[in-house]
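Undergrad: Quick one: this structure, given as structure tokens, is what I'll be asking you about.
The values are calculated or read from the model by the stated rules, or taken from the named source; none is laboratory data. From a predicted model like this one, the values you see are computed outputs, not experimental measurements. Neighbour counts are summed over all protein chains in view; Cβ atoms, including those assigned to glycine, are modelled from backbone coordinates with ideal geometry.
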């Protein structure tokens, strides 16, 4: 059997990570109607912090807590809480496929913002692709529908917050250890969720709900770990197009689990977002020191 190259290993891991994130979205949508949002968030963050500490603390010791930018680490944790809240609320009102498609606008926005911040010119084709992705998002949301609610715009707000989260991540990755950043983000988010927990606590009823809540934390942590591994094996330019596998996984999950089949306009919008996103990633090419475009802020 032929051994996989580093690029092929990275591609395989990023596809597995996309499957994990789709599973997380599906579990969040299911749990959203049964368990308070804050309770689900608290379990998710506690799993991230606990598992990261269990794996890294024996090897790293106190150095796990050392950071050059403590306030930026706090800001990243706060951004994670805001992003997760927007994601959970969006999934309460939107099908998984449509939500995922809109969220995949984030890499395009990150690339354009970062390029502009570095003083580089953005070609008219890149702007056109971003506009095409936004048109696709509007086709998914369909604001002219008779049952449209403004809360359907939450995924677009999530794209903006996620962009800030990723740019902040990119900066911290150049100054702090990734394990430290992952742990501190989970710790800050856990603290914020713990402060709100007494006001929203409801004990999950039944073994199945407990299993689902715990599984959510495990799968989310696994997805982020696979993503970190994939980007240690291959470049962002190689892996970014494969992030759009999550749209296919989400569409399949929405159909099989929730019996949600996108209508023709939504399918066309999803296709536009995917095509524009892949083309934008290809045009961006490798950019050493560029932003991290891979870790969903969920």
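Undergrad: Of the residues that sit in region 73-84 and are surrounded by 18 or more Cβ atoms within 10 Å (Cβ to Cβ) and under 13 Å from residue 169 (Cα atoms), which one is nearest to the chain's Cα centre (by Cα)?
TA: Filtering region 73-84 for residues that are surrounded by 18 or more Cβ atoms within 10 Å (Cβ to Cβ) and under 13 Å from residue 169 (Cα atoms), the one nearest to the chain's Cα centre (by Cα) comes out as 80.
Undergrad: Could I ask something else about it? Sort out for me the helices (runs of 4 or more DSSP H) sitting completely within region 142-258 that have 2 or more residues that are modelled with pLDDT of 85 or more, in contact with a helix residue (DSSP H, G or I) (Cβ under 7 Å, 6 or more places away or on another chain) and surrounded by fewer than 21 Cβ atoms within 10 Å (Cβ to Cβ).
TA: Details: elements: 154-173, 178-200, 207-233, 236-239, 245-258.
Correct list: 154-173, 178-200, 207-233.
Undergrad: Mind checking which residues of region 45-71 are crowded, with 17+ Cβ neighbours inside 10 Å and part of a helix (DSSP H, G or I)?
TA: Our first condition is that a residue be crowded, with 17+ Cβ neighbours inside 10 Å; within region 45-71, this holds for 45-49, 51-53, 56, 64, 67.
If the condition is that a residue be crowded, with 17+ Cβ neighbours inside 10 Å and part of a helix (DSSP H, G or I), then 45, 46, 47, 48, 49, 51, 52, 53, 56, 64 are the ones that fit.
Undergrad: Regarding region 34-45, can at least one residue be identified that is on the phi < 0 side of the Ramachandran plot and without any contact (Cβ under 8 Å) to a residue 60 or more places away in the chain? Walk me through it before giving the result.
TA: Step one: of region 34-45, the residues on the phi < 0 side of the Ramachandran plot are 34-45.
Still in the list and also without any contact (Cβ under 8 Å) to a residue 60 or more places away in the chain: none.
No; the residues of region 34-45 include none that is on the phi < 0 side of the Ramachandran plot and without any contact (Cβ under 8 Å) to a residue 60 or more places away in the chain.
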